[in-house]
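For reference, the structure discussed in these notes is given below.
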Number of protein chains: 2
Amino acid sequence: MIVNVMEEVVEEVLKRYRTELKLCCDCQHCTTDVKALALNDLTPKYVTNPNHSVYVRAVLEGDPQEVTKLLSVVTRAASKVSANPRCSANSTRE
Amino acid sequence: MIVNVMEEVVEEVLKRYRTELKLCCDCQHCTTDVKALALNDLTPKYVTNPNHSVYVRAVLEGDPQEVTKLLSVVTRAASKVSANPRCSANSTRE
């Protein structure tokens, strides 16, 4: 079973920095959009054993340049989605 | 639900070109290793709706440069795994 470790990393960034990211809403649709956009801009880190993801994350979290890139990519994705939300909650507001 | 379309693309390339890739064995372990290695070298293409993967694949398959890159990356990953197989079938042969 292969897993892209970046999927859980982006998920955690979204949870930890929810307030700072100022997402237009908390719905599943917008969150998924941010995740997909961010992951398309980040180098994937696939592992064949999900238990090994901790090693990949340790290397990632120990590299300030990688952490900065990650935060910047997620912030850009959140801004894009907030500027053009596709969820029903936002489309009915118009 | 987010899906990296490249996962199914690489899976199909592996099935279609199994003979040409000359993989050391057909076991799940080696196949998964090739997939993970290849996917780490390919730009991810995440979609939020798995039904939309056909559009992404149509664009990808219509671009000869992308197809060449895909085949070259999968071939390189297959060579790497064949040179150093980690499966039990190969480790007992030594």
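The values are calculated or read from the model by the stated rules, or taken from the named source; none is laboratory data. Just so we're clear, the structure is a prediction, and the values are computed from it rather than from any experiment. Because the Cβ atoms are built from the backbone with ideal geometry, glycine has one as well, and the counts that use them run over all protein chains shown. Ligands, DNA and RNA are stripped out before the accessible areas are found, and what is left, the full protein with its side chains, is counted by its heavy atoms. Shrake-Rupley method; radii C 1.70, N 1.55, O 1.52, S 1.80 Å.
For the pair B:Gln28 and B:Glu61, what calculated FRET efficiency results from E = 1/(1 + (r/R0)^6), where r is the Cβ-Cβ distance and R0 = 25 Å, to the nearest 0.05? Walk me through the intermediate numbers first.
Details: r = 27 Å, r/R0 = 1.07.
E between B:Glu61 and B:Gln28, to the nearest 0.05, is 0.40.
If you put a point 7 Å past Cα along the Cβ direction, how far is that point for A:His52 from the same point in each other copy, in nm, smallest first?
3.2
Provide an ascending nm list, one decimal, of label-point separations from A:Asp26 to the equivalent residue in each further copy; define each label point as 7 Å from Cα along Cα→Cβ.
Distances between equivalent label points, in nm: 5.1.
Going 7 Å from Cα along the Cα-Cβ axis for the label, what nanometre distances separate B:Asn84 from the same residue across the other copies?
4.3
Chains B and A: how much accessible area gets covered up at their contact, both sides added, probe 1.4 Å, in Å² to the nearest hundred?
Values: alone 6200 and 6200 Å², together 11010 Å².
Answer for the B-A pair: about 1400 Å² buried.
Please work out the C-alpha center-to-center distance from the range B:23-94 to the range A:6-85 and express it in whole Å.
First find each Cα centre; the distance between them is then 24 Å.
Show me the helices of chain B, taken as full DSSP H stretches, that run 27 Å or more along their long axis by Cα and average -1.0 or above in Kyte-Doolittle hydropathy.
Helices meeting the span and hydropathy rule in chain B are B:64-83.
Scan chain B for the residue whose Cβ is closest to the axis carrying it onto chain A, then write down that distance in whole angstrom.
Closest to the rotation axis on chain B: B:Pro44, 2.
Could you provide, to the nearest whole Å², the per residue accessible area of the range A:3-91 with probe 1.4 Å?
Values: 4870 Å² over 89 residues.
On a per-residue basis, the range A:3-91 sits at 55 Å².
Which percent of the accessible area of the protein assembly as shown is formed by carbon and sulfur heavy atoms (probe 1.4 angstrom)?
That fraction is 52 percent.
How many partner chain Cβ atoms sit within 10 Å of a residue's Cβ in peptide A:25-38, on average, as a whole number?
Mean shielding count: 2.
Please work out how much accessible surface A:Arg57 shows to a 1.4 Å probe, ignoring ligands, DNA and RNA, in Å² rounded to 10.
Approximately 40 Å² for this residue.
Using +1 at the C-beta of Lys and Arg and -1 at the C-beta of Asp and Glu, which of A:Cys27, A:Val67, A:Asn84 has the Cα lying farthest in the positive direction of the dipole of the range A:3-91?
Result: A:Asn84, furthest along the dipole toward the positive end.
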